[in-house]
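So the structure is just underneath, and the comments pick up after that.
The values are calculated or read from the model by the stated rules, or taken from the named source; none is laboratory data. Model, not experiment: these values are computed from the prediction. All Cβ positions, glycine included, derive from the backbone under ideal geometry; neighbour counts span all protein chains shown. To get the accessible areas, we keep the full protein, side chains included, count just its heavy atoms, and leave off ligands, DNA and RNA. Shrake-Rupley method; radii C 1.70, N 1.55, O 1.52, S 1.80 Å.
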Amino acid sequence: MPCFKCGARQTDPVRGASPWKRGVRSDHLVLVCPDCQAAPDWAAELDQCAACASTALICRLGEVECRACGHVRDVERDSDDLVASSAPGLSEDVAQALARVLKGQRA
Ligand SMILES: [Zn+2]
Ligand SMILES: [Zn+2]
């Protein structure tokens, strides 16, 4: 995964902890390269913990956990999914295809 600010690719860490930092932005895990961490406001674009305002968050399936205080919040559904599921005609097509399959199985 590239740096979310400059797009730099992560190179294999030389031993020890990676200098790249993980964060969460708009409910998605992002990485920040060492160069971008040099900017004073590099964390300003990251999501903050609602409890302690830390940006040391990790994104897991369906939830975001704060590594500073342990606060966990649910992730809202991805807006891309919402767009896809509300696309006109799509769900009807799926329903009709399902109906055809079910009818075929009964016959
Ligand atoms: Zn960067
Ligand atoms: Zn917190």
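Looking at segment 46-76 only, could you name the residues that are within 16 Å of ligand 1 (Cβ to nearest atom) and open to solvent by less than 30 Å² (accessible area, probe 1.4 Å)? Before you say what the answer is, go through the steps one by one.
So the first thing to find is which residues in segment 46-76 are within 16 Å of ligand 1 (Cβ to nearest atom), and the list is 46, 55.
Matches in segment 46-76: L46 only.
Residue-by-condition table, conditions (1) part of a loop (DSSP other than H, G, I, E, B); (2) hydrophobic (A, V, I, L, M, F, W, C); (3) surrounded by 12 or more Cβ atoms within 10 Å (Cβ to Cβ):
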residue: P19; (1), (2), (3): yes, no, yes
residue: V24; (1), (2), (3): no, yes, yes
residue: P40; (1), (2), (3): yes, no, no
residue: A43; (1), (2), (3): yes, yes, yes
